[in-house]
Structures are given as structure tokens and as C-alpha cells.
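Before any comments, here is the structure.
The values are calculated or read from the model by the stated rules, or taken from the named source; none is laboratory data. Everything numeric in this text was worked out from a predicted model, so none of it was measured. We place every Cβ from the backbone using ideal geometry, glycine too, and count neighbours over all the protein chains shown. Note: areas computed on protein heavy atoms with side chains; ligands, DNA, RNA excluded. Shrake-Rupley method; radii C 1.70, N 1.55, O 1.52, S 1.80 Å.
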Amino acid sequence: MQVGMWWRSGRTVAVSLLAGWFSIVPMALAEDVKGSSDHALLPRFPGATIKAYKAANYDEAELPNSRIDSRDAPLLQLAGRVTQIGYEVPATTSVAELAANYASLLDREHFTKVFSCRGDACGEQFASVVVNSGKVMPDAFPVAFNDKARAYLGKRSDAAGDTWVFLYLTDGSSSNERNNIYEEIVEPKALDTNQIRTIDAATLKGDIARDGRVALYGLYFDTDRSEVRADSKPQLDQMIAVLHDNPGWRVYIVGHTDNRGGLAHNLALSQARADAVTKALVEQGKIGADRIVARGVASLAPVASNADEAGQARNRRVEMVLQ
């Protein structure tokens with residue numbers, strides 16, 4: 001782990017350089033950190049370089065929405081798709097100019113200001129909580145401490161939910177002739193709690209013994225197609241194993257869809273998918289065809305609301321049901 005020096009509050013402190021998030025590069029050789037990119041909502045300020053980057057498809061976030069005078073002050077609690085970007089920009093662009101341009105951009109993008117502050121008006125502990133507490137900024141993002149800092153929190157609401165933008169602009173011109181931009185964007189994103197999809201044979205047997213059925217989300221199909229994808233093999237192998245271990249079982253393979261599209265189309269699609277899974281079990285697993293009946297029921301038996309993407313994903317499934 002490398003250690004670089006960064007200027008804060010008129011003194012030099014050590015900053016860990018973790019996973020390439022931060023590096024000191026001569027201005028003539030400055031380049032973005034590997035794997036980073038601008039966020040679509042906030043185009044890059046001219047001349048800025050990404051010095052730190054972190055993005056998560058789903059994560060929790062804490063953002064300041066008021067003056068902070070205590071390290072224990074409450075922060076706004078959010079969750080969703082979280083993107084954190086740390087830029088450096090030549091000090092020829094002042095923090096005041098950065099702030100004015102971002103304010104104009106966010107106004108055009110229909111964000112409403114929830115909170116903003118400048119320097120001491122942000123509170124005695126604002127910078128400490130934002131930068132050093134580990135609650136807001138990750139370690140090793142570029143920043144400077146002084147009374148020229150400006151912060152902004154904005155919100156935009158639409159049919160998808162609330163999108164939040166937090167900006168922290170700091171003046172580092174006295175130490176390295178660069179000013180700093182910290183962006184954090186939190187976008188609405190439902191948590192997928194069904195990512196561990198392959199169900200092993202023992203669990204299949206237990207679920208069927210208890211409920212008479214089991215929903216299988218580890219069988220994959222391309223959109224509006226019925227061919228079983230190759231990445232379905234781990235789940236097919238477990239289905240084959242449980243059917244071999246229980247030779248007296250006769251089962252239905254039942255295809256389900258969400259409610260998008262016409263019912264007649266979805267009935268045909270769900271039947272074709274059930275037929276494809278049945279064919280794979282018979283041909284790949286040498287399961288007797290007389291032990292399996294394929295049925296498609298489209299969206300007639302949902303397990304969640306079809307009003308949002310998360311519910312639709314749960315409804316798109318194949319079930320194995322004991323006859």
C-alpha cells in the first residue's frame with residue numbers, strides 16, 4: 001500500500017492510496033484512475049481529472065442535509081445505486097466558479113436544493129464528518145480543509161423514485177494548485193435479494209416436501225425467447241439429481257411470466273419455456289418423459305406485484321411442482 005501526502009487544515013497528513021482510488025500525478029501527466037467514468041447526470045467540468053472513483057450497483061449512503069456542529073449529528077440515510085467521484089481541477093477555476101456552474105446544471109436538470117452551505121456556515125464539524133468519519137466520503141478521496149469549501153445537496157423526484165446529488169467543493173490551491181470536486185449520486189435501485197439462484201438438490205427436496213413446489217430462478221432465458229441458456233446448467237444439474245434420488249416422483253414443470261405483453265402470447269411463451277426445461281431434463285438427465293408434464297400459465301399465478309421491476313423479476317420463473 002502506497003502512502004501519499006495531502007494538505008489539510010494547513011498541515012500535511014498521510015492519505016492511504018487504496019485500490020488506485022487516489023494518486024498524485026504531475027499536471028502534465030494527469031489521467032483518470034483506471035475503471036472510472038463520469039456520471040451521466042453530471043458531465044465533467046472542463047480540465048477536471050478523476051482522481052478517485054467508487055461505484056456500487058446497490059449500497060447504503062449517508063449524506064449531510066443540514067449544518068453539522070457535532071460529529072454525532074444525524075445524516076440523511078439513503079440506499080440505491082451509489083456513485084462517488086473525486087475530481088481535481090486546475091486552481092485557475094475557483095471554487096466559486098465551480099459552484100455557480102454546478103448550480104446552473106442542476107437547475108437545468110430539475111433538481112431542487114435541499115441544503116447548501118459555504119465555509120463556516122456549514123458548521124464546526126461539517127468537514128470532519130464529511131471527509132474523515134467514513135460515513136460520507138470513502139478513504140483517500142482528494143480534498144482540502146479551509147473556509148472556502150462549499151456543499152450542496154439536491155433531489156429530483158420522478159416515476160422511478162428519488163435521485164440525490166451531493167457536491168463538496170474544496171480549495172486546494174494553496175498546496176498543489178488544484179481544487180477538488182467530490183460528487184456523490186444516489187439513484188433509485190431496488191435491492192435484488194434473489195441473486196443466489198441455484199438451489200441444491202437437498203434444498204429442492206426439502207422445499208417440495210414442505211410446500212409441494214419450488215420456484216427456480218436459476219433457469220435463464222433471453223427476453224421473449226424459450227431456449228434454455230447455457231448458464232442454466234447448474235440448476236438443471238440439481239433438478240436432475242433430485243429426480244434421480246427420488247425415482248417415485250412425478251412432477252409438473254410450470255412456466256410463469258410477468259404481465260407485460262398479451263396473455264395469449266405469454267401463455268405460449270411460458271409453455272414453450274416449460275417444454276424446453278422438460279426436454280433438457282429428459283435428454284441431459286435421462287429422466288423418464290412419463291415422469292414430467294410441462295405447463296405454461298403466463299402471469300396467472302404471480303408471487304409479487306407486477307407494478308415494478310422487482311416484482312416482475314420474481315414473477316418470471318419456472319416451478320417444479322409435485323404431481
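Couple of notes before you dig in:
- Residues residue 290 and residue 107, FRET efficiency given R0 of 56 Å [Cβ-Cβ distance, rounded to 0.05]: 0.25
- Local net charge near residue 168, Cβ-Cβ under 9 Å (Lys/Arg +1, Asp/Glu -1): -1
- Label zone at residue 241 (point 7 Å along Cα-to-Cβ), backbone N below 19 Å, the stretch 261-288: 280-288
- The stretch 201-322: radius of gyration over Cα atoms, expressed as a fraction of 2.2 N^0.38 Å: 1.00
- Cβ-based charge dipole, the chain, positive-most Cα from 45, 102, 251: 251
- Options [x] 0.98; [y] 1.36; [z] 1.12 - which one matches Cα Rg over 2.2 N^0.38 Å as calculated here: [y]
- Annotation: amide H of residue 149 within the under-5 Å range of 119, 171, sequence separation 5 or more or interchain, hydrogens built in the peptide plane.
- Local net charge near residue 297, Cβ-Cβ under 14 Å (Lys/Arg +1, Asp/Glu -1): +2
- Once the Cα gyration tensor of the stretch 172-250 is diagonalised, semi-axes √(5λ) in Å: 48, 15, 13
- Among 227-236, 42-51, the order from most to least packed when residues are scored by Cβ within 10 Å on average: 42-51, 227-236
- Here the chain carries DSSP beta bridges of which approximately 95% are antiparallel, counting only pairs with both residues inside.
- Ligands, DNA and RNA left out, the accessible area of the chain computed with a 1.4 Å probe is 49% carbon and sulfur.
- Percent of Cα-Cα distances greater than 22 Å, calculated over the stretch 49-188: 34 percent
- Where trypsin sites (Lys or Arg not before Pro) fall in DSSP loop in the stretch 233-323, at most 16 other Cβ within 10 Å: 250, 260, 286
- Seen from residue 282, the other residues with C-beta closer than 14 Å to its C-beta sum to a net charge of +1, counting Lys and Arg as +1 and Asp and Glu as -1.
- Using the 1.4 Å probe convention, the accessible area of the chain works out to 50 Å² per residue with neighbouring protein chains retained.
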